[in-house]
Amino acid sequence: MTTSKRRSPTGRPTMMDVAAAAGVSQATVSLVLSGGKSGRLADETRRKVVEAARTLGYKFVRRAQRAAPGGQSTIVFIADETITDPWTSLAFEGARDKALEVGINMLMGVSHADADVETSILAGLGNVPILGLIYGTILTRVVQLPQALTRHRLVLVNCYDQEHAYHSVLPGDVLGGRTATEHLLRQGRKRIGFINGQQGVDAARDRLKGYKQALASNDVPFDPDLVRPGNWEPSAGYEMTMELMALDNPPDGIFCANDMMAVGCYDALRELGHKVPDDVAVIGFDDREIAQYMRPPLSTLVLPQYEMGRTAVELLLDDAGGLHSSPSRIKVECELVERESTQLSSQALPMRQSAQ
């Protein structure tokens, strides 16, 4: 497996480095190194993670290393959901790990986007010294917050407010969509199909925008017949792949806006007698746990929720230290994880490099 290289600004190995070396997701690394006992992880997976962390010199923080600023010892993370997808839980993991580095406790509450519940969560904390709040959502979306939350320092994760009144940390979905598409073009694919997510969702809009940007910057004409609507589920990946492959001039590469639709895409291609990647290269998005176990393993883009959680705590710490004068909106890069589903065909020629 080939992975993109990254290092933190300090040069120390990151959780993504460990994930890449072990061939697993960041969520798995966090679960293993935090001592989680989930039965879904094989002993071999745990061994690979531990060995990769040891080889790279990655340190998983479990206790405070220095005092919290100003005597305020708690950050409260309020999530709208944690069950349907792992994303807010992973953001909380990142926020918690960063908070522990500076001796700050993390508390989490789940509100199901109910303003009364959100208000009650804070009221129930009594006199707990709160440094700030993090508000995280499963889907990237605009939010309206109850007044009880806005009285505190506040950072939004995977969401934003319409008035830009608060810091927000978001995934770089536009750049991610562009990276995925350009990766297929660079692998010599000439016609790139795109199976998008649910209409009206920010992630679907932005990943489509990135797809179009990649085509335009590489002088590839946009063909609306190659774009199909999906719903994030394997069934949509299957159905839309069937439609794409029924075209008079079908694609030789397919970008699925999430990994679950790529599962259905694989099923359709297999049923039609096409091999991945020999006949059709496939790339997904999110780097779900299943991506590494697909056959062939799926190239994908990391949804950087763990890093987004860490960044949110950094913003709160900066605010507590008086370093911010106005709210910022930060986009965290969705990094490419190259696996066998997009390997270069023996007949393919690399795309020309576009001017930047």
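Using Cα pairs closer than 8 Å and at least 6 residues apart in sequence, work out the relative contact order for the chain, in percent.
The normalised contact order for the chain reaches 19 percent.
Can you give the alpha-carbon Rg of the chain over 2.2 N^0.38 Å, where N counts its residues?
On the way: Rg = 21.1 Å, N = 356, 2.2 N^0.38 = 20.5 Å.
Here the Cα radius of gyration is 1.03 times the empirical estimate.
Rank Glu81, Glu44 by accessible area, highest first, at a 1.4 Å probe radius? Present the calculation step by step, with values, prior to reporting the outcome.
Details: Glu81 65, Glu44 90 Å².
Order by accessible area, largest first: Glu44, Glu81.
List the residues, sorted by chain then number, that are 5 or more residues from Met108 or on another chain and whose placed amide H is less than 5 Å from its amide H.
Residues meeting the criterion, in which the H sits 1.01 Å from N, are Phe77.
At 1.4 Å probe size, with no ligands or nucleic acids counted, give the accessible surface of Phe222 in Å², nearest ten.
Approximately 90 Å² of Phe222 is accessible to the 1.4 Å probe.
In Å², and per residue, what accessible area does the chain have when probed at 1.4 Å with the other protein chains present? Mind showing how you got there, number by number?
Working: 16170 Å² over 356 residues.
Here the per-residue accessible area is 45 Å².
Tell me, what % of the accessible area of the stretch 213-280 is carbon and sulfur with a 1.4 angstrom probe? Kindly include the intermediate steps, with their values, before the conclusion.
On the way: 1520 of 3020 Å².
It is 50 percent, rounded to a whole number.
Mind ordering 129-136, 242-249, 275-282 by average Cβ neighbours within 10 Å, highest first? Don't skip to the end; give the middle numbers.
Details: 129-136: 23.0, 242-249: 13.8, 275-282: 20.2.
Result, highest mean first: 129-136, 275-282, 242-249.
Under a no-solvent Debye model with one identical scatterer per Cα of the stretch 134-210, what's log10 I(q)/I(0) at q = 0.16, 0.17, 0.18, 0.24 Å⁻¹?
-0.66, -0.71, -0.76, -1.07
Of all trypsin sites (Lys or Arg not before Pro) in the stretch 134-215, which ones are in loop regions per DSSP and have a Cβ with at most 12 other Cβ atoms within 10 Å? Can you show the working numbers first?
Working: sites: Arg141, Arg151, Arg153, Arg178, Arg186, Arg189, Lys190, Arg191, Arg205, Arg207, Lys209, Lys212; in loops: Arg151, Arg153, Arg189, Lys190, Arg191.
Here the sparse-neighbourhood loop sites are Arg151.
Along the stretch 220-230, what does the Karplus equation 6.51 cos²θ - 1.76 cosθ + 1.60 (θ = phi - 60°) give for ³J(HN,Hα), rounded to whole Hz, x for Gly and Pro?
Couplings: 9, x, 6, 10, x, 5, 8, 10, 10, x, x Hz.
Quick one: helix 173-186 against the long Cα principal axis of the chain, what's the angle to the nearest 10°, folded into 0 to 90?
30
According to a simple spin-label model (label point 7 Å from Cα along Cα-to-Cβ), what is the distance in nm between Lys190 and Asp318?
Between Asp318 and Lys190, the simple spin-label model gives 4.7 nm.
Give the Rg/Rh ratio for the stretch 208-288, taking Rg as the radius of gyration of the Cα atoms and Rh as the Kirkwood radius, to two decimals. Spell out each step's value before the answer.
Details: Rg = 12.1 Å, Rh = 12.8 Å.
Checking Rg against Rh, the ratio lands at 0.95.
Note the angle between two axes, namely the Cα long axis of helix 43-56 and the longest principal axis of the Cα atoms of the chain, as a number of degrees from 0 to 90, rounded to the nearest 10.
The angle comes out near 70 degrees.
In sequence order, what are the phi-derived ³J(HN,Hα) couplings for the stretch 206-217 according to the Karplus relation 6.51 cos²θ - 1.76 cosθ + 1.60 with θ = phi - 60°, rounded to whole Hz, with x for glycine and proline?
Per-residue couplings from phi come out as 6, 5, 5, 4, x, 4, 5, 4, 4, 4, 4, 6 Hz.
Determine the share of the stretch 93-181's accessible area contributed by carbon and sulfur atoms, expressed in whole percent, with a 1.4 angstrom probe.
Values: 1770 of 3600 Å².
Percent of accessible area from carbon and sulfur atoms in the stretch 93-181: 49.
Please list 3J(HN,Hα) in residue order for the stretch 85-95, calculated via the Karplus relation 6.51 cos²θ - 1.76 cosθ + 1.60 where θ = phi - 60°; whole Hz, with x for glycine and proline.
Each residue's phi maps through the Karplus curve to give 8, x, 5, 5, 5, 5, 4, 4, 4, x, 5 Hz.
Under 19 Å from a point placed 7 Å out from the Cα of Asp219 along the Cα-to-Cβ direction: which residues of the stretch 169-191 have their backbone N that close?
Counting only backbone N, you get 182-191.
Enter the angle in degrees (range 0 to 90, nearest 10) between the Cα long axis of helix 234-245 and the first principal axis of the Cα atoms of the chain, meaning the one along which they spread out most.
Result, in degrees: 30.
Just to verify a number: what accessible area does Val102 come out at with the full protein assembly present, 1.4 Å probe, Å² rounded to tens?
It works out to around 10 Å².
The values are calculated or read from the model by the stated rules, or taken from the named source; none is laboratory data. Note that the structure is predicted; figures quoted are calculated from it, not measured. Glycine gets a Cβ as well: all are built from the backbone with ideal geometry, and neighbour counts include every protein chain shown. Just so you know, the surface numbers come from the protein's heavy atoms only, side chains and all, with ligands and any DNA or RNA stripped out. Shrake-Rupley method; radii C 1.70, N 1.55, O 1.52, S 1.80 Å.
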